[in-house]
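Below: one structure, written as structure tokens.
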Amino acid sequence: SPRVPPGLPPRHMDSVICMVEALESPHAGVTVTVAELARALGGCGTPGCRAVLGEPPVVPTAPPALSPDRWQLLRRLLHRDAAVPGAVLAPDGSTVALGPLLAGIEVGLRRAGGGRVPVLDPPVDALYAVTIAEALGTSFLLARAGAGATLGPGGCWDDVDDPQNYTLLGPPSPVPDAVANGAMDGVLLGNRLAGDPIRVAELLRGYYGTGNGTEEGRPPSSYRRRDFGALAGPGKLEEEVLAMLRVLRALPPTRELLETVGAEEEAAIARRAARDFTERYVECPAIVPRCMWGARPYRGTPKPLALPLGSVYIHHTFSPGAPCRSFAACARAMRAMQRFHQDARGWDDIGYSFVVGSDGYVYQGRGWHWVGAHTKGYNSRGYGVGYVGDFSATLPDADTIALVRDELLPCAVRTGRLRHNYTLRGHRQMGHTDCPGDSLFREIETWRGF
């Protein structure tokens, strides 16, 4: 992403909430809502978004409520010419694009206040149109010739304490992970505001858990995939992408994209877009990449795994003995384990393929493609998945158990990394150890493939 000039506030959700709070104060001297201001600055510049929410207001002069640095940051975050639309780091470790987030919030506020949302032909659900339907439809439309990515990639920040520059981990698509997160959050928060209008700063603070001691527990944003899946349902997304493609067919700038697309192909594009998005962002769990938790480099040359694998080995870390419940705590635990595995054990890297926090996230160790050092004698045959904590006498919470059992493992099968008839074992079945603890071992005896 373009380099940020020195001296700007960090690109963190906290910075955004402070700006929103200042703009919502009675003496802010602003005549438009925060969401309208976001549109004026380019947060909703696409043809479909303009058709749904109307032409953006004129860009106002710098509001007295914001310092010059904050005003410059806000303009930068909503400017629309970068490969990664303006995104910020949330406390849960996820990266969120502001454009779709604030567009969804504007639809929610209009619905709550009886404001006008134009009725388009064919009718679209404005909340989905401005957050995800247009972006998804456009992405899969542009890729129909087989060129370019349709979804993703994720990325990494230069510094999680003072995030300024965000770098993508692969070729960009119109729906990188940051846009997917911002869109899901825009749908969830817009939907909530429509039924219960509160100040936007308060809504964002509660949802992202800023300043409420997130070291202690999971903020609602860490449940975005589950909550979006429950709200959108399998058919809803497809229906909204198809409706949006039909709207784009009538709009001057996008008309030519659809000139050679018949009704059948249009339906197929919508179906594929909804299916791929759901598989990647709803059914599969978010995996925190190594560069986000601060991994040291791998020592030596990693050995590739021959996929799909036939086994999974479940571990607990034992030390750290306490579950980690926030991104900051889980990232610290990952760095501590990697140091121990490299420096004390003399291994090339952290041993596990994946590590599971109690913050709602899976952390990448050696990952899907490289042989780990987790289950002596069997490292090339299966993935080693370690739960952070000592689970001899207690269990991880139900959500954290489900993260592996109901999300990570089925996702690995669907994406061709794990055989559908895989076997699942506890570490103790493969060597002389109590791992993964008596309680967790009794739990995994009930899982598929054990």
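The values are calculated or read from the model by the stated rules, or taken from the named source; none is laboratory data. Treat the numbers as computed from the prediction; the structure is a model and nothing was measured. Here the Cβ is made from the backbone with ideal geometry for all residues, glycine too, and neighbour counts use every protein chain on show. We work out accessible area using only protein heavy atoms, side chains counted, and drop any ligands, DNA or RNA first. Shrake-Rupley method; radii C 1.70, N 1.55, O 1.52, S 1.80 Å.
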Roughly how much of Arg280 is accessible, in Å² to the nearest 10, using a 1.4 Å probe? 100 Å²
Can you work out ³J(HN,Hα) from phi for every residue in segment 440-450, in order, using Karplus 6.51 cos²θ - 1.76 cosθ + 1.60 and θ = phi - 60°, giving whole Hz and x for Gly and Pro? 5, 5, 4, 5, 6, 4, 8, 7, 4, x, 5
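Charges only on Cβ, +1 for Lys and Arg, -1 for Asp and Glu: so what's the dipole of segment 290-445 about the Cα centre, in debye to the nearest 20?
Values: 19 positive and 13 negative charges, 136 e Å.
Around 660 debye, computed over segment 290-445.
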Segment 258-319: GluC sites (Glu not before Pro) in DSSP loop, at most 15 other beta carbons within 10 Å: Glu259
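Filter the trypsin sites (Lys or Arg not before Pro) in segment 69-103 down to the DSSP loop ones having no more than 14 other Cβ atoms within 10 Å, then list what survives. Walk me through the intermediate numbers first.
Numbers: sites: Arg70, Arg75, Arg76, Arg80; in loops: Arg80.
Answer in residue order: Arg80.
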Residue order for Arg339, Arg39 - accessible surface, 1.4 angstrom probe, largest first: Arg339, Arg39
Would you list the P(r) distribution for segment 13-283, with all Cα-Cα distances sorted into 10 Å bins from 0 and each bin expressed as a whole %? 7, 31, 38, 20, 4, 0
Label points 7 Å out from Cα along the Cβ direction at Glu55 and Val413: separation in nm? 5.5 nm
Diffing segment 161-166: the Karplus 3J(HN,Hα) column from phi (6.51, -1.76, 1.60, θ = phi - 60°), in whole Hz with x for Gly and Pro, holds 7, 9, x, 10, 10, 10
Tell me which residues come under 5 Å, amide H to amide H, from Leu309 once H is placed; ignore anything under 5 positions away on its chain. Leu418, Arg419
Of all DSSP beta bridges in segment 290-445, antiparallel share, percent nearest 5: 20 percent
Estimated vicinal HN-Hα couplings, Hz - segment 413-422 in sequence order (Karplus 6.51, -1.76, 1.60; Gly, Pro = x): 5, 4, 8, x, 9, 9, 5, 5, 9, 4
Would you kindly enumerate the cysteines in the chain that have no other Cys beta-carbon under 4.7 Å from their beta-carbon? Cys18, Cys435
Search the structure for amide H atoms under 5 Å from the amide H of Val371, placed 1.01 Å from N in the peptide plane, and list their residues when 5 or more places away or on another chain. Lys303, Leu305
Using a 1.4 angstrom probe and counting only protein chains, how large is the accessible area of Cys330 in Å², to 10? 0 Å²
Express the accessible area of segment 287-349 per residue in Å², computed with a 1.4 Å probe while the remaining protein chains stay in the model. 47 Å²
Working only with C-alpha atoms, what are the Rg and Dmax values of segment 378-450, expressed in angstrom? 12.2, 35
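So, counting K/R as plus one and D/E as minus one, what does the shell of residues with Cβ under 11 Å around Leu41 add up to?
Numbers: positive: Arg39, Arg75, Arg76, Arg80; negative: Glu36.
Once positives and negatives cancel, what remains is +3.
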Quick check: at a probe of 1.4 Å, how many percent of the accessible area of segment 235-325 sits on carbon and sulfur atoms? 54 percent
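Output the antiparallel fraction of DSSP beta bridges having both residues in the chain, as a percent to the nearest 5.
On the way: 10 of 27 bridges.
Given both bridge residues lie in the chain, the antiparallel proportion sits at roughly 35 percent.
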Stokes-Einstein at 20 °C, 1.002 mPa s, Kirkwood radius from Cα pairs: D for segment 1-60 in µm² s⁻¹? 161 µm²/s
Quick one: with all protein chains in place, what share of the accessible area of segment 16-144 is carbon or sulfur, to the nearest percent (1.4 Å probe)? 54 percent
With equal scatterers on the alpha carbons only and no solvent term, can you work out the Debye log10 of I(q)/I(0) for segment 290-445 at 0.09, 0.15, 0.21 1/Å? -0.25, -0.73, -1.56
When the scattering of segment 57-98 is computed by the Debye formula from its Cα atoms alone, each counted once and equally, what is log10 I(q)/I(0) at q = 0.18 Å⁻¹? -0.63
Would you list the membrane-span-like helices of the chain, meaning whole DSSP H runs whose alpha-carbon atoms span at least 20 Å along their axis and whose mean Kyte-Doolittle value is at least -0.5? 98-112, 177-195, 224-248
